[in-house]
Amino acid sequence: MAVDEKKIRTGCPAHNCGGRCLLIAHLRDGVITRLETDDRPDELAAPQLRACIRGRAYLRRQYHPDRLTHPLKRVGSRGDGRFEPFSWDEALDTIADELRRVKDQYGNSALFVPYGTGSYSQLNGSQTARRLMNLFGGCLGIDNSYSWGAINAATPTVYGTLTTGNQRQDWLNAKIILMWGWNPAEMRDGTNSDYFVKLARQNGARVICIDPRCTLSAAGLADEWVPIRPGTDVAMMSAMAHVMITEELIDEAFVSTHCVGFDASQMPDGATDQESYTDYILGRRDGTPKTPRWAERVTAVPAETIERLARWYATEKPGVLYQGYGMQRRAYGEQVVRAGCVLAAITGNVGISGGWAGGLANQAPDGGVLWNSFPEEDNPVGAAIPVFLWTEAVTRGDQLGPEHGVLGGKRLDNNIKLIYAVASNCLINQHADINRTATILQDEQLVEFIVVQDNFLTPTARFADIVLPACTQFETWGIEDGWKYGDELILMPQLVEPLGEAKSDYRICADIAARLGLEEAYTQGRDERAWVAWLWDHYRDSRFPDLPPFEAFVADNRGVYARPVIQPAVAFTDFRADPNAHPLDTPSGKIEIYSTELASRDNPDEIPPIPKYINEWESPFGPEAERFPLQVLGHHHMGRVHSTHDNVDWLKEAFPQGAWINPIDAAQRQIADGDRIRVFNGRGALIIVARVTPRIIPGVVSLPQGAWWRPDDEGIDQGGSINVLTSSRWTPFAFGSAQHTAMVQVTREES
Ligand SMILES: Nc1nc2c(c(=O)[nH]1)N[C@H]1C(S)=C(S)[C@@H](COP(=O)(O)OP(=O)(O)OC[C@H]3O[C@@H](n4cnc5c(=O)[nH]c(N)nc54)[C@H](O)[C@@H]3O)O[C@H]1N2
Ligand SMILES: Nc1nc2c(c(=O)[nH]1)N[C@H]1C(S)=C(S)[C@@H](COP(=O)(O)OP(=O)(O)OC[C@H]3O[C@@H](n4cnc5c(=O)[nH]c(N)nc54)[C@H](O)[C@@H]3O)O[C@H]1N2
Ligand code: SF4
Ligand SMILES: [Mo]
């Protein structure tokens, strides 16, 4: 389709980067020669979608010499990474045969398409494989995400919904913004979130960043960095509540009409004798008042700082307490979500302009994006596992049931026997405890057949029996809406022909469907472009009634449709105005500081009905700290989207993989900046360069997640991949990832 000497507007192949930005591709002789970004006028109601460094460096990924260009089949044992070329026909015939064999032998619930977030552009990505499986009789489904395990489950226990966020332009009305474990300057959380925080600050908001690391957000967007010991935020939040209660800074009118569980006067029916939030904060039953002095010992945040922040947040209103997702990807991650929401509620910051309710915060009024609009169709198997438990479903699926979070009210009747991974590095790199997962996948008695479809021979692809080359998003048609804040739609026309023999994920699945007698059902006669036109109309019907006709939009080379946010929506305005006429979708209809639903779990030590500080299962306060005294956390990295872009030379140059360690911890270990260090625990070990810096709190090592696992002959990772250290233990209520909770030791490597 080469369109020569042209500039075409398109979306960045965002992967799961947290953003959605506009790129302008220069094309000559069927090759993309240059990428620029948004050139539209910049307006507050519809700001430019300016690309980050990853988007701007994309040509290094697009034309990378390691791109997969033809199918591969495994030779040697699984995981060795030795392959030989294979024809498309042989590859697709083999896959169709294996799908039929496993279905006949075990049933559809033995088929599995794992979590894989490499592409949300509809015609590329794992949704294309789910549609194939569902039309083939179904597969074991997945529920929840690696990203938001605890926050997805915990937010509705407070508010009965995930739509708890205002549109971001409303931040300009805030007087104070607490960026709590939130780093939008490095990890995108909606294109422009960092920009809106900057504008809010210019507008007079005080901005505080609470994070174990002095991130670029702390350094560039905030007035103050408050370093905190990881995993202890609920202790600090509880102490802030202590200050508010004892200094009478609570918004009593709001609490009395809109909340349940704050104190003995408003406990829900059947729980009148239970511990209220105030009981807990004042230590009336457990004997421990959650004072700032108590919290200082736990959190390492000075009591005076906690007092000051409590007073500011309770009196400088309205205010935003934005919860990042890193601190819920931890042991008991549900608690920090609930505790943050409770602070917002007791200060009366819910349902008002300039305030913020907390929680997941999909945007009002309609919840924002649709994510996958490409129709996957219903899954006849009907059972879905919490996504983080997939290795359990491999090793003991037939023992899992509702008590492990299995949806559909079912017990599983199978172990996973066939994995079809599309746009996923979660089989190895991104799941916890890589060495454990590698052992599981190496065993061909467990998973009998693995297909991986990717642009590169990733650590996950190295464990495949067949690897299929997917084309990039520049090589097929696609469409994307905003990541979490969705007021835009970006069209992604095909720019160039696929490299080598690569095909779109959609085309590959359609070709398999043909071999299973399902081609017509799968394609409905559409190619990629026709599906995008179909989806365009679907978006018009569901969210954007003013969307122009598809063909005209393509012909005009517009790239992005934006719906301006003139009057930013505020979540819970109706409920705020009249809680009886507009009750929440919680059992009481109110904000549940005390949750009867959580109480019914009958596990108060791990799932308390009011948010509590619970010491993590691996922590500086536990016995494991004797051998492994440092906390390690794997924040999301500027130079990558998870493991995607790890092989891009420009980004590696700009953001080399390194471990941050505080000078105090480094000195104890004779480590100097730039030294090679070994980071290890009972699960694994890796070698990485040390960056000695006071920008991280003592006692913590920070190791950006996503680097490709590169084990040497002894199994020591030379790539700096944090998941050789992380634990596959899940959070108790959400069954979510707790990959940020792990303890390690660090030593200097003799070079
Ligand atoms: N550049 C880039 N952007 C991305 C992504 C990416 O890979 N790269 N991934 C996207 C995706 S899929 C997601 S889900 C989001 C993830 O977004 P998050 O989960 O919010 O990102 P993290 O970097 O894990 O955590 C955010 C911050 O929390 C801090 N933190 C960790 N533990 C604690 C704690 O216990 N307490 C406190 N107060 N802070 C803590 C970390 O130091 C970090 O600075 O990012 C999205 N954006
Ligand atoms: N320790 C630790 N681990 C984590 C996290 C953490 O904070 N700490 N974060 C977790 C989170 S929030 C997430 S979302 C997951 C993300 O984990 P994954 O969903 O596995 O994301 P990626 O690692 O980016 O892998 C995506 C793959 O898709 C491929 N790809 C890109 N575009 C396409 C395409 O168009 N077609 C095909 N077929 N392939 C394509 C890329 O090359 C890449 O190999 O990681 C989780 N893992
Ligand atoms: S934020 Fe995401 S969509 Fe935007 S340029 Fe960066 S990688 Fe691309
Ligand atoms: Mo994520």
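Key figures for this structure:
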quantity	calculated
Folded to 0 to 90 degrees: helix 149-159 orientation relative to the chain principal axis, Cα	50
Percent of beta bridges antiparallel (DSSP, segment 446-533, rounded to nearest 5)	45
Sites Asp574 and Arg40, calculated FRET efficiency, Cβ-Cβ separation with R0 35 Å, nearest 0.05	0.55
Helix-only [θ]222 nm of the chain, DSSP H runs n ≥ 4, -39500 (n - 2.57) each, per residue, nearest 500	-7500 deg cm²/dmol
Karplus 3J(HN,Hα) series, Hz, for segment 612-618 with 6.51 cos²θ - 1.76 cosθ + 1.60 (x for Gly, Pro)	10, 6, 10, 4, 5, 6, 10
Highest average packing first - 62-72, 409-419, 34-44, Cβ atoms within 10 Å	409-419, 62-72, 34-44
Share of alpha-carbon pairs per 10 Å distance bin for segment 237-304, given as whole %	21, 46, 27, 6
Value of Rg to Rh for segment 623-726 (Rh from inverse mean 1/r over Cα pairs, i.e. Kirkwood)	0.95
From phi via Karplus (6.51, -1.76, 1.60), per-residue ³J(HN,Hα) for segment 579-596 in Hz, x at Gly/Pro	x, 7, 6, 10, x, 6, 8, 10, x, 8, x, 10, 6, 9, 5, 10, 10, 5
Whichever lysines have a C-alpha closer than 16 Å to that of Lys417, once near sequence neighbours (fewer than 8 apart) are set aside	Lys103
Extended-chain gain in nm, criterion 0.36 nm per residue less alpha-carbon gap, Asp649 and Ala672	5.7 nm
Segment 304-432: projected area of the alpha-carbon convex hull, averaged over directions, in nm²	11.6
Potential lengthening between Asp89 and Leu216 on full extension [0.36 nm per residue; Cα-Cα distance subtracted]	40.8 nm
Cα Rg, Dmax, the chain, angstrom units	25.4, 76
Neighbourhood charge, 11 Å Cβ-Cβ cut-off, centred on Arg131 and excluding it, Lys, Arg +1 and Asp, Glu -1	-3
Set of aspartates and glutamates with alpha-carbon distance to Lys410 below 13 Å, sequence-local pairs under 8 removed	Asp398
Förster radius 30 Å - calculated FRET efficiency between Thr747 and Thr395 (Cβ-Cβ, nearest 0.05)	0.40
Simple spin-label estimate for Arg526 and Phe621 in nanometres, 7 Å along Cα-Cβ	5.3
Nitroxide proxy distance, nm - points 7 Å out along Cα→Cβ at Arg558 and Gln105	5.3
Total charge dipole magnitude, segment 448-545, about the Cα centre, Cβ charges on Lys, Arg, Asp, Glu only, Debye to nearest 20	60
Dipole-positive endmost among Thr347, Val260, Val452 within the chain (Cβ charges, Cα centre)	Thr347
Pairwise centroid distance, computed over Cα atoms, of segment 281-327 with segment 490-544, Å	51
R0 of 30 Å, Cβ-Cβ distance Asp378-Asp541: FRET efficiency to nearest 0.05	0.90
Farthest toward positive dipole pole in the chain [+1 Lys/Arg, -1 Asp/Glu at C-beta], among Thr33, Tyr322, Ala464	Thr33
Within straight-line cross-link reach of Lys6, lysines at Cα separation under 29 Å, skipping those fewer than 8 residues along the same chain	Lys503
Using alpha-carbon coordinates, inclination of helix 88-106 to the longest axis of the chain, degrees	60
Lys/Arg +1, Asp/Glu -1 at C-beta; the chain dipole; positive extreme among Leu370, Ser721, Pro564	Ser721
Cα-centre dipole for segment 623-726 with unit charges at Cβ (Lys and Arg positive, Asp and Glu negative), debye to 20	220
Nitroxide proxy distance, nm - points 7 Å out along Cα→Cβ at Asp366 and Ser353	2.2
Debye, to nearest 20: dipole size of the chain, +1 on Lys, Arg Cβ, -1 on Asp, Glu Cβ	1260
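Read-outs throughout are calculated quantities, based only on the coordinates presented, and are distinct from any laboratory measurement. Since the structure is predicted, the reported quantities are computational estimates derived from the model, not experimental observations. For neighbour counting, all protein chains shown are included, and Cβ atoms are generated from backbone atoms with ideal geometry for every residue, glycine included.
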